[in-house]
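The values are calculated or read from the model by the stated rules, or taken from the named source; none is laboratory data. Remember, it's a predicted structure, so these values are computed and weren't measured experimentally. Here Cβ is always computed from backbone atoms with ideal geometry, including for glycine, and neighbour counts include all displayed protein chains.
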Amino acid sequence: MRILAIETSCDETAIAILERKKNSFRILSSVVSSQVKIHAKWGGVVPMLAKREHIKNLPLVLNRALKQAKLGNYKLQNTNSKQIPKIDLIAVVNGPGLEPALWTGINFAGELAAKWNKPLIPINHLEGHLYSVFLQKNGEFSISNFQFPIIALLVSGGHTQIVLVKGFLKYKILGETRDDAAGEAFDKVAKMLGLGYPGGPEISRLAEKRRKQILKTIGVGALFERSKKKGISGFQNFVSEAQNFQFPRPMINSKDYDFSFSGLKTAVLYKTKELKKLTPKIKEEICYEFQQAVIDVLISKTIRAAKEYKAKTVILAGGVSANKELRRQIEKEVKKNIPHSTFLVPYSSFTGDNAAMMALAAYFRWSKEKKPAKDLKADGNLKLA
Ligand code: KG4
Ligand code: ZN
């Protein structure tokens with residue numbers, strides 16, 4: 001069986017082809033055409049520009065994906081049935097995301113499904129991120145190394161959610177952000193500091209410089225002793241104690257699993273105003289402290305949920321899961337607090353938006369439901385269900 005998946009929910013035009021032969025799965029091709037450079041000029045994604053670019057890129061990306069998968073050199077205008085590639089199912093992301101962008105994928109997928117006479121199913125973007133942890137580096141995947149229940153922390157530019165996964169396609173959202181998503185906060189803070197878009201990678205790069213500098217100056221042991229004496233608790237990592245200033249950890253002690261990052265963003269804004277001059281060193285310090293504040297809240301709530309629901313597997317996924325410090329610290333805390341669980345995170349090639357993870361999600365949905373869609377609609381706020 002071969003599945004062709006299409007993703008256009010934000011600023012990446014992506015198409016991938018997944019093949020299943022008996023019990024072996026392979027990603028035959030995964031093409032991502034990024035519009036980041038176009039949106040960077042505006043400091044964020046402009047929906048109408050994204051729509052225009054998706055429309056332009058989709059036929060080109062399809063061609064590359066088919067070629068890479070050795071399924072021929074297909075031209076959309078071909079009507080000759082012999083030219084129809086050997087695909088059994090088409091899947092397209094219908095939300096959540098930017099609706100003008102989502103519609104381009106849906107319309108394109110609908111056109112292909114009609115032309116090739118193939119079934120078409122919708123995929124939830126977040127479900128794709130969840131499945132990204134099962135993709136191996138070489139495009140194969142295995143799903144043997146985990147058990148339910150899963151607690152998943154999904155962190156992207158548009159979402160921050162803690163999801164309880166009780167079984168395949170059985171989701172319960174335990175909590176989510178009440179305002180900005182974690183990735184969005186990274187992007188907005190980066191903008192305040194005059195760093196590029198997207199902000200996540202730049203902030204983590206500067207934060208890493210600061211971390212190395214602290215370790216070099218004070219040393220791990222001394223820092224650890226100091227933090228112990230001061231009684232710093234929870235997940236506030238000993239390195240962050242070296243800061244001259246601190247940002248809040250919003251909602252870290254609230255009883256629910258919700259998040260709020262807009263107050264943290266405002267705290268950074270006030271600090272930048274107060275400091276007046278933002279030297280490169282000060283920017284590094286702000287990035288470091290801001291990043292640690294986000295990490296502390298994300299980890300604290302995820303561990304609490306994993307304990308409460310007796311998680312056997314903990315997953316970190318979504319664009320923000322590219323953050324090396326978040327990966328390192330959450331893995332450490334999962335091992336310490338839930339020692340018999342498995343921790344899964346996507347390979348860095350699958351943290352950002354791609355269609356390979358969508359194809360995998362499509363496979364599981366199709367295996368369970370086999371329900372082709374009739375009238376697909378974009379839903380910017382689509383929930384995991
Ligand atoms: O999942 P994704 O690629 O797109 C959406 O579905 O939104 O996530 C993009 C988000 C952006 O906000 C970007 O700044 C953030 O992921 N991101 C990071 C890092 N790399 C990307 N955030 C923190 N640290 C990173 N290294
Ligand atoms: Zn995403």
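Of note:
- Look at the stretch 67-83: where a residue is of a type in the set (Phe, Trp, Tyr) and a partner is modelled with pLDDT of 70 or more, sitting 6+ places away or on another chain with Cβ atoms under 9 Å, you get Tyr74/Leu62; Tyr74/Asn63; Tyr74/Leu66; Tyr74/Lys67; Tyr74/Gln83; Tyr74/Ile84; Tyr74/Pro85.
- Among the candidates Leu135, Leu130, Leu153, Leu126, residue that is modelled with pLDDT under 95 and within 16 Å of ligand 1 (Cβ to nearest atom): Leu135
- Residue ID - surrounded by the most Cβ atoms within 10 Å (Cβ to Cβ), chosen from residues in the stretch 1-55 that are of a type in the set (A, V, I, L, M, F, W, C), part of a strand (DSSP E or B) and more than 16 Å from ligand 2 (Cβ to nearest atom): Leu4
- The residue that is nearest to ligand 1 (Cβ to nearest atom), among those in the stretch 12-34 that are modelled with pLDDT of 95 or more and not hydrophobic (A, V, I, L, M, F, W, C), is Glu12.
- Whichever residue in the stretch 168-198 is outside any strand (DSSP E or B) and among the small types (Gly, Ala, Ser) and, among such residues, is surrounded by the fewest Cβ atoms within 10 Å (Cβ to Cβ): Gly194
- Applying the set (1) within 16 Å of ligand 1 (Cβ to nearest atom); (2) under 23 Å from Arg365 (Cβ atoms) to Phe108 leaves exactly one unmet item: (1).
- Checklist (1) in contact with a strand residue (DSSP E or B) (Cβ under 8 Å, 6 or more places away or on another chain); (2) farther than 19 Å from Pro248 by Cα; (3) in contact (Cβ under 8 Å) with a residue 12 or more places away in the chain applied to Asn337, failing item: (1)
- Looking only at the stretch 91-120, and only at residues there that are closer than 17 Å to Lys383 by Cβ and of a type outside the set (Asp, Glu), the one that is farthest from ligand 2 (Cβ to nearest atom): Asn94
- Test: residue in the stretch 265-282 that is within 21 Å of the chain's Cα centre (by Cα), at negative phi and of a type outside the set (Phe, Trp, Tyr): yes
- In the set (1) within 23 Å of Asp256 (Cα to Cα); (2) in contact with a Lys or Arg (Cβ under 9 Å, 6 or more places away or on another chain), the condition left unmet by Ala181 is number (2).
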